[in-house]
Amino acid sequence: MNFCCHDDYTDTGSFDLNDINIYSAHQSWVLQGKPLASEDDSDKAELIQFKNWYASKNALGQLPNLSEEIKFLPKMDCGDFTETGSFDLNDINIYSAHQSWVLQGKPLASESDSSENECTKFTNWYDSKNALGQLANLSSDIQHLPSLQADTVVHTINGDVPRGGDADAIIVDVDAEGDTAGDLLVSFDATAAVHTNENYAGENRIKAVELVFDNIEFVPTSEADTGLSLNTSEKQTLIDEQYQDTLGNKTLNYYYDYAMRTDGTEPRNNKSVIGFIDTTANGDGELKTNLGTLVFRVKKDNWRKNTEISNDIKIADVRIWDETCEVERYELQGGCG
């Protein structure tokens, strides 16, 4: 996950009832297909569209009054507390209960919880209240807790994670094992992609990615044998199963290429790009949470390093497109700022 977001939708520096009302109403709005309060809102930012819709429903008595202005909308990585890839009733129950827990001083379900991490403390407290019939059942496990903009970490079930997620979104290494020694391994963490439009409210789908290397040239043996593959793993099966067209053919195309860098420079006319794209006709790509971390393998005879530039393998440019695939939409962030 990449936590370059927060769950304080009124930007007050604390959680309150306004935030719960906004979070709940936003889910309803999304599930209804994000209806507009007025046709005049069609070309406005998503935040404005939601604010106007909320105001229209509030005027009809269908949504409660807010004492603070809506400043931010829920974002998937932060507001999806069960990390299922979508907002649902579980998330509303968790968000609301968490506020109650914080206001009560974060009581423990048991003294033995005193040494547990924050997320586990809250989960155990929630379970204890649920057993008494005081909180609703959850159909998915709690994976992380709501966070404020000033927080430096997000409390997850596995411990605290710095806001912004893992810093090493791309890891490049040379295999040193057995028959595959010398192969280039490129690990890409799709979950670290943060949309550049702060008002984006899509599903965080990734349609295509290109990784540009500074001192690496890729050398296909032939058009049929490029030496490039997805490393054998569970993700290979996921790709095979989910990237299919209506005839059941696999549609994820990964390749070498030559392309201009986004700053308009490219010092060498060679194949310095690893890329992949969902080639389904009108395909929307895959959820970044489903893609997870992809590991590409390049056979040792299909890549070479230009040591005149550097002995260290360097990434010069990263391009990530969302489901519109019109212009670059995401950037990788190891930290927020």
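Here are some notes:
- Theoretical gain in end-to-end length, Gln104 to Ser14 [0.36 nm per residue, Cα-Cα removed]: 31.0 nm
- Length gained when the stretch Lys71-Asp179 is fully extended (0.36 nm per residue, less Cα-Cα span): 33.3 nm
- D (Stokes-Einstein, µm²/s), Kirkwood Cα radius, region 17-162, 0.890 mPa s at 25 °C: 147 µm²/s
- Rounded to the nearest 20 debye, dipole of region 82-130 from Cβ charges on Lys, Arg, Asp, Glu: 180 debye
- Gain on full stretching of the segment that runs from Ser38 to Tyr255 - 0.36 nm per residue minus C-alpha separation: 73.6 nm
- Electrostatic tally near Ala109: other residues with Cβ closer than 12 Å to its Cβ, Lys and Arg +1, Asp and Glu -1, net -1.
- Each other residue within a Cβ distance under 10 Å of His6 adds +1 if Lys or Arg and -1 if Asp or Glu, for a net charge of -2.
- Between Ile313 and Val153, the C-beta separation translates, for a Förster distance of 41 Å, into a calculated FRET efficiency of about 0.85.
- Remark: spin-label model distance Thr221-Ala136 equals 5.7 nm, labels positioned 7 Å along the Cα→Cβ axis.
No value in this document is a laboratory result; all are computed from the given coordinates. In this text, all values refer to a predicted model and were calculated from it rather than measured experimentally. Backbone-built Cβ (ideal geometry, glycine too); neighbour counts: all protein chains shown.
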